[in-house]
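Throughout, read-outs are computed from the coordinates displayed, never taken from laboratory work. All values derive from a computational prediction rather than experimental measurement. With ideal geometry, Cβ positions are generated from the backbone for all residues, glycine too; neighbour counts draw on all protein chains shown.
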């Protein structure tokens with residue numbers, strides 16, 4: 001890890017509040033991104049670990065551009081979770097002046113969509129892990145075009161040694177790894193469940209040279225069974241030996257070494273609706289505008305009623321009528337799952353906007369619990385559950401102890417009320433971390449935002465403290481122009 005780093009202004013490192021950037025701008029790397037880029041260039045097969053929001057994707061693109069400038073003109077393959085492959089990488093390419101010329105084709109979706117993307121000339125192809133068997137079957141090995149591969153959120157590789165479908169993807173990945181000159185693992189938390197998660201990831205980088213050619217040999221060398229007979233634990237010498245062996249092909253960057261710990265680190269995670277859903281959402285907005293224009297004044301509670309359907313749609317489920325609801329998309333759920341996965345097993349608190357959000361989150365995230373109930377709160381505070389789900393209005397005064405094991409908050413949905421929005425953050429905020437004896441912790445806040453929806457308006461209210469009426473009228477005017 002880089003040391004002796006000056007702390008950066010956290011606002012300069014973050015995307016602006018609102019939707020994804022439509023106009024490209026110059027990429028001015030932070031010091032840690034330059035370190036990351038240089039490491040990748042010097043390490044053809046290795047692993048870059050950096051906390052979420054530190055710009056791993058941007059640094060990787062800069063490394064790719066440098067390779068291309070030096071004469072490496074083969075396309076790159078990015079393997080990632082579906083949402084990351086479909087949105088995150090294309091958005092990052094379009095964001096920067098230095099990379100906007102790169103042609104990127106996500107091989108995600110229906111077989112027809114994947115084939116069209118595969119046949120599209122591109123500098124970067126992206127694909128989700130589940131479609132790797134299709135890719136190798138379709139392309140074959142004799143004409144394999146990608147000599148450089150990035151495995152984004154590489155913790156997905158840790159279990160690539162099981163039988164069945166997992167075994168099929170394992171064999172495919174092994175074939176792909178042997179066909180490449182460059183293999184870079186990217187992750188925020190490479191070993192969420194301990195050192196045993198590392199073997200699968202490093203095998204694809206060095207084919208077992210450092211941690212053993214088989215998982216069995218790896219486990220026998222550095223682990224022993226628990227006294228209970230269930231599970232394993234690392235031997236006393238395992239941590240130091242494993243880290244020494246992988247040090248030459250590993251770079252780890254921690255956000256707390258580069259940012260001010262007295263303020264939370266805030267990041268917007270933007271998701272996009274496909275065209276069919278966009279059309280349905282716009283219909284809802286038109287109906288809302290008609291109702292808003294009938295009134296002479298918009299108060300907070302009225303705004304919540306009038307705009308509720310649009311906010312529900314942005315979150316992924318709409319009441320029809322309350323308390324019945326129907327799902328319309330899983331975009332925010334997929335983003336939440338990525339954040340939870342990158343948390344490395346650390347606890348995450350999730351703020352929702354509607355009861356339908358709560359129901360869907362509890363169903364989609366197995367290790368989650370409603371912390372507005374005494375039983376759920378006790379389970380979360382006691383560490384029995386990783387994800388605690390609550391409405392901001394339920395997180396009033398008198399709730400202590402949440403900060404002991406939790407320093408990450410995700411806003412899945414939003415409320416117009418500033419006090420409620422801020423109050424749930426204060427449960428685990430920097431001051432609480434100091435009070436519980438953890439001044440070194442960096443509090444992280446993720447806003448999951450559905451692009452070009454009322455999510456933007458509500459976040460603007462929280463950021464600027466402007467009136468709901470002014471913000472909605474401004475939004476309506478902008479929509480009509």
note = Quick note on 156, 375, 196, 480, ordering by fewest other C-beta atoms within 10 Å, gives 480, 375, 196, 156
task = For the range 345-374 and the range 218-247, compute the distance between their C-alpha centroids and round to whole Å.
result = 33
ask   = In terms of the Cα gyration tensor, with a ≥ b ≥ c the square roots of its eigenvalues, is the range 22-93 rounded because a/c is under 1.5, prolate because a/b exceeds b/c, or oblate?
value = rounded
The range 10-257: antiparallel DSSP beta bridges as a percent of all, rounded to 5 = 10
task = Run through the DSSP bridge list for the chain and note the antiparallel percent, rounded to the nearest 5.
result = 10
ask   = Helix 31-42 versus the longest principal axis of the chain: what is the Cα-based angle in degrees, 0 to 90, to the nearest 10?
value = 30
key: the range 265-480: relative contact order in percent, alpha carbon pairs under 8 Å with at least 6 residues between   = 26
query = Hey, what angle do you get for helix 355-364 against the long axis of the chain, alpha-carbon based, 0 to 90 degrees rounded to 10?
reply = 10
On Cα atoms only, tilt of 300-315 relative to the major axis of the chain in degrees = 30
ask   = Can you tell me the Rg and Dmax of the range 69-121, counting just the alpha carbons, in angstroms?
value = 11.9, 36
note = Checked the range 350-459 against the a/c 1.5 cut and the a/b vs b/c comparison, axes a ≥ b ≥ c from its Cα gyration tensor; verdict oblate
key: Helical mean residue ellipticity (222 nm; -39500 (n - 2.57) per DSSP H run of 4+; nearest 500) of the chain   = -12500 deg cm²/dmol
task = Can you bin the range 403-481 into rounded, prolate or oblate? Criterion: square roots of the alpha carbon gyration tensor eigenvalues sorted a ≥ b ≥ c, rounded for a/c under 1.5, prolate for a/b above b/c, oblate for the rest.
result = prolate
inquiry  = Considering all alpha-carbon pairs of the chain, what whole percent are spaced by more than 31 angstrom?
reply    = 47
ask   = By count of other Cβ within 10 Å, fewest leading, how are 144, 199, 325 ordered?
value = 144, 325, 199
Length-normalised contact order for the chain - Cα pairs under 8 Å, 6+ apart - percent = 16
request  = Could you work out the equivalent-ellipsoid semi-axes for the range 10-257, taking the square root of 5 times each eigenvalue of the Cα gyration tensor, largest first, in whole Å?
outcome  = 30, 23, 16
task = Rank-order 34-40, 116-122 by packing density, defined as the average count of other C-beta atoms within 10 Å over each peptide's residues, highest first.
result = 34-40, 116-122
task = Give the peptides 76-84, 423-431, 329-337, 362-370 in descending order of average Cβ contacts within 10 Å, highest first.
result = 76-84, 329-337, 423-431, 362-370
task = Starting from the alpha-carbon convex hull of the range 265-480, give the projected area averaged over all orientations, in nm².
result = 12.0
